[in-house]
1. For the pair H83/I16, report the inter-label distance in nm, with labels modelled 7 Å from Cα in the Cβ direction.
2. Under 10 Å, Cα contacts only: if you run a Gaussian network model on the chain, which one of I16, I73, I60 comes out with the highest mean-square fluctuation?
3. Take M27 and F70, extend 7 Å from each Cα along the Cα→Cβ direction, and tell me the distance between the two endpoints in nm.
4. Assign one of three labels to region 1-42, namely rounded, prolate or oblate, based on the Cα gyration tensor with a ≥ b ≥ c the square roots of its eigenvalues; rounded applies when a/c is under 1.5, prolate when it is not and a/b is larger than b/c, and oblate otherwise.
5. Share of the chain's accessible area from carbon and sulfur, percent, 1.4 Å?
Amino acid sequence: MDATVVIIGVVALIAILLIVGAPLKPMRFLAKGTVKLVIGVLFLFFFNVFGASLGLHLPINIFTAVVAGFLGIPGLASLTAVHIFIL
């Protein structure tokens, strides 16, 4: 698929949503999920920065970001426990 077709499709979808209006509930759900995912990535990043001195490293991927973002500090602790004791 050509890149211009994809770009035109995305622009058309945005224009339709601006004209018709987006349903609020699904957009709120997506926004909250995106914010939690970004928070999870930030948790993992800072954990890797400070954990490097202890020899700890957690990969930043979609699974670990979701666990750390939705569960918070306990999720980060569980990922660390899995990394230390199982892997």
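The values are calculated or read from the model by the stated rules, or taken from the named source; none is laboratory data. Because the structure is predicted, anything quoted here is derived from the model rather than measured. Glycine also receives a Cβ, built like all others from the backbone with ideal geometry; neighbour counts cover every protein chain displayed. These area figures cover heavy atoms from the full protein model, side chains too; ligands, DNA and RNA do not enter into them. Shrake-Rupley method; radii C 1.70, N 1.55, O 1.52, S 1.80 Å.
1. 4.3 nm
2. Top of the fluctuation ranking is I16.
3. Taking the simple label geometry, M27 and F70 are separated by 2.4 nm.
4. Working: a/c = 4.39, a/b = 1.43, b/c = 3.07.
Taking the square roots of the gyration eigenvalues as a ≥ b ≥ c, region 1-42 is oblate.
5. Values: 5450 of 6630 Å².
Here it works out to 82 percent.
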